[in-house]
Every structure is written in structure tokens, then in C-alpha cells.
Amino acid sequence: MARVSNGSPSPARPDRLITLTDGIFAIAMTLLALEVRVAPDLDSGQFHAALRETVPQLAAYALSFLILYIFWRDQRQILLMSAKTGGLPQHLALAVLGVIALVPFPTSLLAEYGDREPLAVAMYAATICLIDLLAARHVRDAEREAKEHGVGEWRDTAADLGATIVVFGASVPIAFFAPQAAMWWWLALFPAKAVLGRRERLRGARRDG
């Protein structure tokens, strides 16, 4: 490990951590698409039946791709606003990336078993919630460090993460009793994000004005 002149470990460079973040998100998003497939050598009837069976896979792919995009946007914003990326903030960022890399697994479970196995729905929701809980802790620690250096405004990022935690966290117990209702409940995330994004834009316009 590289060291500074006083012998203490040098903090990680933000650009390197951002590059790693971009790479892991790109791989996770690509793996989602690989789960959507139709078996070879089917006759016409089997082909059309198999094509219909890809609908849940495509829906799970679209949902996870959009969620990963939101996570990618938020994670880059956190790293760009952080005063430093060494120590605990770096470990939290890596923990987030570790769970992000796992997202294709619960996505495949959701696509294959979401209509009949409540645990598959609960596992997917719990994975998304865990990512946001780790990111929220990253925000809290990075914000404390940033205040000492006079860096950035964190309220909008925290609210954005909190919306996902509430939506997916609440759906975990719901999934065990009504898995379909839990999945419909996830759609509440998108109008919530839209409202928060509009508030952020208005607040930014007032600051600029």
C-alpha cells in the first residue's frame, strides 16, 4: 500500500474508486441481460411458449436495470461529494459494490420464482434495502467528514436513499403474506423519486437564482 511521508496510509483516490464503481455496475447490468434467454432447438410451439416465459425475466431485468442505474447515480454523487475516500467511507463504498455485484442472483430468483415463492420476493427486496442502508451509512460518515472541509449539501441524497429504504424495507414482511402486492408496492418508488428529484431541482434553481 502506498504511504505518505508521515507513515500513515494514503487515502484512496476518488477517481480510482469511481472507476471501480463504474466497472462493477456495468458488469452487474450486463449479467442481468444474460439471464434472459430462450433454449435452442425448439419447435414452433415450444419456441412461442418459451418466449412467453421470458416475460417475467424481462420484467425483472427492467426493474433491476433501472434500480441499478439509480444506485449508480447516487453512488457517484456520494463519492464526488466526499471529502475523502479512505478509511470507513472506502470500506462502506466497497460493501455497497459487493452487494451490487450480487444483484443478478436475487433478480434471477425473482424472475423464476417470484409468482410462487414469497422468499424469492423477500430476498430481492432485502438485497435492495441492504444496499441503501449501506449507502445511507456511507452518506452519514462522509457528510460528517465533509462538514469539516465545507463540502456539499447532503439532504437530497439522504432523502433519495431513504425513499428506497422505506419502499423495499416495508415490502419484505409484506412479501411473506402477499408477494404480488409486495412487487406492486415497489412501483411506489418511482413517483417518490420523481417528487424528490423535482424538489432537488427547485432547490438548486433557488440557490442559483
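For segment 90-100, the tally of residues that are closer than 10 Å to Thr127 by Cβ and open to solvent by 10 Å² or more (accessible area, probe 1.4 Å) stands at 1.
Could you tell me which numbered condition Val151 fails, if it satisfies all but one of (1) hydrophobic (A, V, I, L, M, F, W, C); (2) modelled with pLDDT of 75 or more; (3) outside any helix (DSSP H, G or I)? Tallying (1) hydrophobic (A, V, I, L, M, F, W, C); (2) modelled with pLDDT of 75 or more; (3) outside any helix (DSSP H, G or I), Val151 fails exactly one: (2). As a summary of the residue check, Val103 satisfies the conditions (1) over 22 Å from Ala181 (Cβ atoms); (2) within 9 Å of the chain's Cα centre (by Cα); (3) surrounded by fewer than 23 Cβ atoms within 10 Å (Cβ to Cβ) except for the one numbered (3). Taken over segment 46-90, residues that are modelled with pLDDT under 85, over 22 Å from Arg144 (Cβ atoms) and within 19 Å of the chain's Cα centre (by Cα) amount to 0. In segment 189-202, what residues are more than 16 Å from Gly162 (Cβ to Cβ) and open to solvent by less than 90 Å² (accessible area, probe 1.4 Å)? Scanning segment 189-202 gives a single hit, Leu202. Under the condition of being touching a Leu at 6+ places or on another chain (Cβ under 8 Å) and at pLDDT below 95, the residues counted in segment 121-137 number 5.
The values are calculated or read from the model by the stated rules, or taken from the named source; none is laboratory data. What you are looking at is a predicted structure, and each value in this text was computed from that prediction instead of being measured. Note that we place each Cβ from the backbone using ideal geometry, even for glycine, and neighbour counts take in every protein chain shown. Protein only, heavy atoms only, side chains kept; ligands, DNA and RNA dropped before computing areas. Shrake-Rupley method; radii C 1.70, N 1.55, O 1.52, S 1.80 Å.
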